Structures are given as C-alpha cells and as structure tokens.
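Notes for the one structure printed next.
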Amino acid sequence: MQTLDALDTTLRSYLSPQQTNGVKRAFYFAEQAHYGQFRRSGEPYISHPLAVACILAEMHMDHYSLMAAMLHDVIEDTGINKLAINLQFGSTVAELVDGVSKLTQIEFDSLAEKQAENFQKMALAMARDIRVILVKLADRLHNMRTLGVLKPEKSRRIARETLEIYAPIAMRLGMNAVRMEFEDLGFSALYPMRARRIDAALRNARGHRKELVDKIRHQIESTLEQEGHLVEVKGREKHLYSIYKKMKVKRKCFADIMDIYAFRIIVSSVDTCYRVLGSIHSLYKPVPGEFKDYIAIPKANGYQSLHTVLIGMHGVPIEIQIRTRDMEDMANKGIAAHWLYKSEDQSASGSHARARLWVQGLLEMQQRAGNSLEFIENVKIDLFPDEIYVFTPRGGILELPRGATPVDFAYAVHTDVGNNCVACRINRRLAPLSEPLQSGQTVEILTASGAQPNPSWFNYAVTAKARTNIRHFLKEQTWDDSITLGRRLLNKALMGFDSQLEHIDHDQLKEYLASQGYASLEPMLEDIARGNRLPAITAQQLLGELKANPLERGSGAPNPVAIRGTEGFMVSYAKCCHPIPGDPIEGYLSPEKGMVVHRETCNNLADMKENRERLVTLRWDDEVAGEYVAELRIEVENRRGMIAVLATRINSMDVNIDNISTEDKDYQFTYVDLGMQVKNRVHLARIMKRLRSIESVRRVIRVTN
Ligand code: MN
C-alpha cells in the first residue's frame, strides 16, 4: 500500500511546496470523508484515492488533477457535495471531481458491443476538461490492479468494460503504457485460463531465447557504437493481450509469434533515427515492404517511430523500432506527456489549453508530413466534439450535433415519434422541448396520437432530419387546412343560393371543374382558401345552369363563417388591428395569404371594401380556442424601474408578453407599448383593470389603428 510520505517525495520533485500542500490537504479531507469505509480487500477506503493520486503523480500531472484524484469518490460515496468541495478547494477541483463522478454514474454494462465506440466518444464529450478523463483512467487502472478481490462476475464485467471502453480511450489519447496495462489486466480477468497459458509459454520461451536476444543486441550495439551513435537498445516483448489478439486475428500459433525478435533503439535526435536505420539495414538484410516511416507520417494519436523488419543470423526475423526520447515519451504517455513540468512555468493555463497544445502538436507533425487529412480528424473530433451523445430510455445511444434539442432527438428516433411528440423528460424530469441536450442525459419523448408538429419548433430544431420533416408536415397540413377552409367558404356562398356542395349533381360538378381547368375538387377548394378564387362567383357559376337567384347578397349574409381558432395555416389575424374573440370581425380573402381576420372597425378593412366580393362575414365560434395578440398602450410616469414593475405585474397574471417598447411622451410621462397574448375580451379587460391599479400608471388603452 502506498503511503502519503512516498507520494510527498514524488510531488516535491516537480511541484511547488504550496501545490504539494494542497494535495495533502485534499488527502486529509478525503480521509475524513471516507472514515469508517473499507475496500473489499479490508484496507481503509482512503488507500484507493491515494493510489489513484500516486498513478497520476508518476505521470507528473498537475496538482489540481491530484487533488481531484484524492476527492474523486467523495461526492459519490459520502454526504459531501460539489459546493462543499468548491468552498474548500476551489472551482477547478470541484469541477474535476464532479466530472469524474458523472462519468462513474453512467452505466456502461447492459450495452451492445457495437456501442462501445460511441461510449468512448460520449465519455470524451462529457469530460469538457480532459483531466477528468485522466483521473478516471487512473481510477480505473487502480481498480483493475486490485480486481482480484471482487466476485468473478463483477470482475468480469469491469474487465470487459475496461477492454471495450477504457483501453481504446487510452489509445486515442496516445497513452500506450496505460493502454497495455488495461489490456493485460482485462485479458487476464476475462480469460484467466488463456492468459495463464500464454504467460507460461512466454516464460518458457524467454529462457530459450535469452542467448540469441543477447547476441543480437550485442551486435546492434557494437555496430552503432563503431559508427559513433550514442544509443540505448532495449529488448522488447509483446504483451499478453497483443499476443492473444495476433493468435486470434491472424490465426498464428504461439511459436510463430514468439519467433520474432523485437528491439527498440532510443536515440538523441530525429536525424539520428534515419542514420541509425541506415546502419541497421547494412548490418542485417531488411525485409521488403516492412519498413514504415511513422516519423514522417505519424499515427492518429501522435505516435512516431521508424519500424523495420530484418533477417538476422540463422534467418530469424528481427523487428526494430527507432525513435527519439521525446517520441518514446509521447508513445508511452500521450496527452499526459503535456502535463510534464519541464520548466518553472507556473501558468497552469487550463487543461483545454493543454489538450489543444497536444492537438496542435499533432497538427504540426501532420503538416511536416504533408499528408492524409483523416490523420488528425479522429483526434480532433474526440477532444473538441461538435457532437453530443445521449441515451434512449432503453440504453441505446444517439449521436446528435451540439445544440440539439428534444425535438431533434424525437425525429432521430423515428419520424412518427417526432411528428407526435408533445413533451419530454430529460433524466426523468419534465423539460421543455426547446432545452438543449447534453452528453450523458437520458431522454424520453412523450407522444400523443393525433399530436402535430408545431411551427415554433423551427426556432430550435437543428438537425436536417427534424427540419425537413417539420417543413414537410407543415406543408401537408397547410394543404389539409386550406381544403377544409375552402369547403366551408364555398358552402357558405352556396347557402346564399339555398344550396350545398353535396346537393350539386356529380356530373355537373365534374363538368364545371374541367371547364375551369381542375382535375378534381380539392385544388379548387385550395384556391378558394388561398384567396385566388372567389367563393361567391364560384358558387354562382356552379349553379349557373340552374339559373338560381341569390337569396341575399353581400356582407349582410345570414350565415357568417364561424372562426374557431383551430383553422391552422389558412386563417391569420391581421397585424394592423389584432382582433381577439369578442371583437366584431370580418374576413378578407387575400390572394395567396388566404383568409385574414380583421376587426370590423379596422381602417384597412374600410379600404378593402372596394373588393367587396373578397370580404367574408365572420363570427367567433362559441368554442373558440387559442391565444390572440392584443396591443396595449400604457401611459406611465417617468420613473426608473417602471418597466420592470409592469413586466412583473403582467407575469404574475400568467400572460405571455409578445413584445414591449417605449416612447417618451414628455418629461413627465412615457408610453409603454405592449403586445400580449390573451384569450378574449373578458380576459383582456381583466388585465387592463389590473394594470390601471398600478400606481404611476395613468392610462391604459387598447390600440386601434
Ligand atoms: Mn474510484
């Protein structure tokens, strides 16, 4: 078990005394918080966070990460919350601890294997601060190292998750040392028999090979020494899991894999890499097609090295990797290498900046290599995700663009779900459909049959699928609405001749439609609704052959069309006079716009009287629904904060304000113009009364143009 003293020594080698003290303070805090809790092994719980901090200290991570490591299970396992950590250790540490806790809360099991990659992305997207991932990886590493004490079932689950999620994340971040340890520990826990067998074979082979390995190494060393290169040559063994994968994927037997002798040569500069390569190639014969220059063209996670395969004495294949010390560092530590305190640089410029630095480093490498765009794409997408990942209630994962809302989610699930969506739950809490989603949330869409997309969704739906579907639906809906309205208008006109659409002879109707250039009734009804065709004239022409006389003409017709407020897109309310239920109204069939409802007293309507055949007598239906905009002008005393007082008062009446603007009347009074949504005249009158009761309000009038 690690001790605080040992950690202290490591910390002092690269952190300032204050920083070291901060980490120790976090230790004591966590020790208190976990007091009385024990690990399965019987050790006090604090041994775990301490070990996690030690792993990060070996990587030379900054003091914030180490403090977060000490505290990483506090929120989850003790009664202490994020705020308390913030007060004690500041917001950086609190955010890190919170981030690690959130990652831990996600249930990784129960998932199909194919979702593993999405899960990796989700984890990366959730951790806005990449240090959260590094702490989580260290946490997982220690748990894997101490996996033996768990029940087999649980340890297998954790092992599988490590292989599917965490090892690939470590690889994406270039942290190969961690990745290999994850793989070997995971493999041993998941397949103990196979691991033991390969391990035994490996030990056995090592004995047989030792002599030859030493011989080859000696040859390489002395050759390079003669040519004046100062190098370090290491014998290299494949780790368990990679041997297993090779056997499985490439269908090779153990002996074939072990028949390869592998070495790594560490040199001082990039230049030397290539010169050493030349020397090696003159020592043994290279195998054609096996040379790879990952210095000129680095791997996606920033890995750089020269790889070659040679035929040594007795014809044994020799794999050689040549790289600089920096490249070696990068290959082992990846992104964590950037936290190394190489100088006394105190500006801990935030983890995002460091992650960016890493990506920037990769970009530069790529530019020098002058090649392959996809190289960087993987890494960039993972670290600066434009996507979010959210759960369906059944544990599936959906990828959506950043800023996506439940409406986008609904359409991503299925078009029908989108079209019938009425509400949603985010993490089981009812939430507005406009709320932007965040990675890791579980989203549930509530649907109702017969529910319809709302035009306001356009304001916040961001995905092409959602937008296209909403648009398509609205278009169809407009078509349906217009046919319904056209039928009502035509019937009303026909009623003036004491007739009805149903009473008209079928052949006669067909003949008339053909004469007007319509293939069927619907397009003509649509034209009527859109104001492109007048109902009265149409009615007259239709009945023409019957030579019927109108019972009554003009706007005084006995059967006004009832407005229910549910007519949809073909009926709109004039912006000039803002009619609300209770107002006497009249309709105007405006070409292409359809029916526009005006107040009878509207001045604009008076101008339209010239086209009286376009006027339609209307009344409000008794069951009228919806909310209507009413415009008020309020005269108030010039006083600071008056608008806020007004707005608060109106809000308390549960009324939505549509718009608000002010205009000075004189030095003493100001006009406040308010657009608000009301149900009807009674509702409006009540609001006006309450506004008048406010001190400083002198007059409240409803605006008429
Ligand atoms: Mn933990």
Which residue, of 560, 581, 591, 550, is at pLDDT below 85, in contact with a helix residue (DSSP H, G or I) (Cβ under 9 Å, 6 or more places away or on another chain) and under 30 Å from residue 685 (Cβ atoms)?
560
Tell me which of these residue 65 doesn't satisfy, since it passes every other one: (1) touching a helix residue (DSSP H, G or I) at 6+ places or on another chain (Cβ under 8 Å); (2) free of Cβ contacts under 8 Å to residues at least 60 places away in the same chain.
(2)
In the range 491-545, which residue that is free of Cβ contacts under 8 Å to residues at least 12 places away in the same chain and charged (D, E, K, R) is surrounded by the most Cβ atoms within 10 Å (Cβ to Cβ)?
533
Mind listing just one residue for me: the one in the range 103-112 that is part of a helix (DSSP H, G or I) and surrounded by fewer than 18 Cβ atoms within 10 Å (Cβ to Cβ) and, of those, modelled with the lowest pLDDT?
105
Taking the range 30-48 and the residues there that are part of a helix (DSSP H, G or I) and more than 17 Å from residue 95 (Cα to Cα), the one that is nearest to the ligand (Cβ to nearest atom) would be 48
In the range 62-90, what residues are within 16 Å of the ligand (Cβ to nearest atom) and not in a helix (DSSP H, G or I)?
72, 73, 78, 80
Can you name every residue in the range 205-226 that is more than 17 Å from residue 317 (Cα to Cα) and at pLDDT below 85?
207
Tell me, which residue of the range 139-149 that is more than 9 Å from the ligand (Cβ to nearest atom) and in a helix (DSSP H, G or I) is farthest from residue 166 (Cα to Cα)?
149
Kindly provide the set of residues from the range 592-628 that are closer than 24 Å to residue 540 by Cα, of a type outside the set (S, T, N, Q), in contact with a strand residue (DSSP E or B) (Cβ under 9 Å, 6 or more places away or on another chain) and in a helix (DSSP H, G or I), ordered by number.
608, 609, 613, 614
Residue list for the range 220-243, restricted to those being of a type in the set (S, T, N, Q) and surrounded by 15 or more Cβ atoms within 10 Å (Cβ to Cβ)
223, 242
Subset tally (residues that are in a helix (DSSP H, G or I) and either among the small types (Gly, Ala, Ser) or more than 15 Å from the ligand (Cβ to nearest atom) (or both)) for the range 49-61:
4
Among the residues of the range 291-328 satisfying the criterion of being basic (Lys, Arg) and either touching a strand residue (DSSP E or B) at 6+ places or on another chain (Cβ under 9 Å) or assigned to a strand (DSSP E or B) (or both), which is surrounded by the fewest Cβ atoms within 10 Å (Cβ to Cβ)?
325
Of the conditions (1) touching a Ser or Thr at 6+ places or on another chain (Cβ under 7 Å); (2) surrounded by fewer than 17 Cβ atoms within 10 Å (Cβ to Cβ), residue 215 satisfies every one except a single condition; which number is it?
(1)
Kindly indicate whether any position in the range 255-268 is free of Cβ contacts under 8 Å to residues at least 60 places away in the same chain, of a type in the set (Phe, Trp, Tyr) and closer than 20 Å to residue 159 by Cβ.
no
Any idea how many residues of the range 654-697 are surrounded by 13 or more Cβ atoms within 10 Å (Cβ to Cβ) and over 15 Å from residue 580 (Cβ atoms)?
14
Output the residues belonging to the range 168-197 that are within 15 Å of residue 158 (Cα to Cα) and touching a His at 6+ places or on another chain (Cβ under 6 Å).
184
Small (Gly, Ala, Ser) and touching a residue at least 40 places away in the same chain (Cβ under 8 Å): is that true of residue 630 in this structure?
yes
Heads up, the helices (runs of 4 or more DSSP H) in the range 445-536 (entirely inside) with at least 2 residues that are β-branched (Val, Ile, Thr) are 464-495
From the set of residues in the range 11-29 that are part of a helix (DSSP H, G or I) and small (Gly, Ala, Ser), which is farthest from the ligand (Cβ to nearest atom)?
22
Hey, residue 584 farther than 16 Å from residue 535 by Cβ and crowded, with 21+ Cβ neighbours inside 10 Å or not
no
Can you find a residue that is out of contact with any helix residue (DSSP H, G or I) (no Cβ under 7 Å at 6 or more places or on another chain), part of a helix (DSSP H, G or I) and within 16 Å of the ligand (Cβ to nearest atom) anywhere in the range 124-138?
no
Selection from the range 454-464 of residues that are surrounded by 14 or more Cβ atoms within 10 Å (Cβ to Cβ) and either modelled with pLDDT of 85 or more or among the hydroxyl-bearing types (Ser, Thr, Tyr) (or both):
457, 460, 461, 462, 463
Among the listed residues 631, 613, identify the single one that is modelled with pLDDT of 85 or more and charged (D, E, K, R).
631
Looking only at strands (runs of 3 or more DSSP E) that lie completely in the range 356-426, which have at least 3 residues being modelled with pLDDT of 85 or more?
421-426
Selection within the range 10-46 - at pLDDT 90 or above, of a type in the set (Ser, Thr, Tyr), under 25 Å from residue 144 (Cα atoms) and loosely packed, with under 15 Cβ neighbours inside 10 Å
28, 35
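The values are calculated or read from the model by the stated rules, or taken from the named source; none is laboratory data. This is a predicted model, so every value here is computed, not measured. Cβ coordinates were reconstructed from backbone atoms using ideal geometry, including for glycine residues, and neighbour counts include every protein chain displayed.
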